[in-house]
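Inspection log for the structure reproduced underneath, given as structure tokens.
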Ligand code: GRF
């Protein structure tokens, strides 16, 4: 059985979409564990509820942070690592060690609205301010640069006339929950 490790900092709704995909047998894999950098994140609560092992790594020092993650990954030995709303940068040493094995989900049609500063509602505000008629989400491989790794798949959503960043974010998030399990499935089969 293929092994997944998920990294998440926030509410963990994308993490939940992976859990649901496995429970519904849409994804043929198991989750070895969750790494979170936030104490009591929503994602950690979901791990607890579904009896998935999780670790909270809160080292401030980037090298120590990275070393702790590597230790944990050595233990879990994943086939695929999924960044699902993970707010800290994954070090180059991890990226090199797990080349083409780390994916990230981002709430825009990259390369638009990616990189530093483009997270959370900022992304959706920028889309609305620019007058774009469509937005969406992207799953891409993680490389050394924020949101710049090779794009694997995208899902589009309409931007509606009366959208606020919050309503657009909710529509994009729904699309994320469909896109992420689809991509995981595809990569595990390839
Ligand atoms: C998602 O919008 C994802 O694209 C971004 O962070 C958010 C995480 O949301 N990278 P959740 O914690 O999965 O609900």
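For the structure I just gave you, tell me whether residue 110 is within 16 Å of the ligand (Cβ to nearest atom) and assigned to a loop (DSSP other than H, G, I, E, B). Considered against the rule, which asks whether it is within 16 Å of the ligand (Cβ to nearest atom) and assigned to a loop (DSSP other than H, G, I, E, B), residue 110 comes out as yes. The number of residues in the range 121-153 being away from the ligand (no atom under 16 Å from the Cβ) and in a strand (DSSP E or B) comes to 1. Of all the numbered requirements in (1) outside any loop (DSSP other than H, G, I, E, B); (2) buried (at least 17 other Cβ atoms within 10 Å of the Cβ); (3) within 11 Å of the ligand (Cβ to nearest atom), residue 118 misses one, and that requirement is (1).
Of the helices (runs of 4 or more DSSP H) entirely within the range 1-104, those holding at least 3 residues that are within 16 Å of the ligand (Cβ to nearest atom), surrounded by 15 or more Cβ atoms within 10 Å (Cβ to Cβ) and in contact (Cβ under 8 Å) with a residue 12 or more places away in the chain occupy 13-23, 42-49. Scanning the range 59-79 for residues that are farther than 24 Å from residue 118 by Cβ and either modelled with pLDDT under 95 or in contact with a helix residue (DSSP H, G or I) (Cβ under 8 Å, 6 or more places away or on another chain) (or both) yields a total of 4.
The values are calculated or read from the model by the stated rules, or taken from the named source; none is laboratory data. Remember, predicted model here, so these are calculated numbers, not experimental data. All Cβ positions, even for glycine, are placed from backbone atoms using ideal geometry, and neighbour counts span all protein chains on display.
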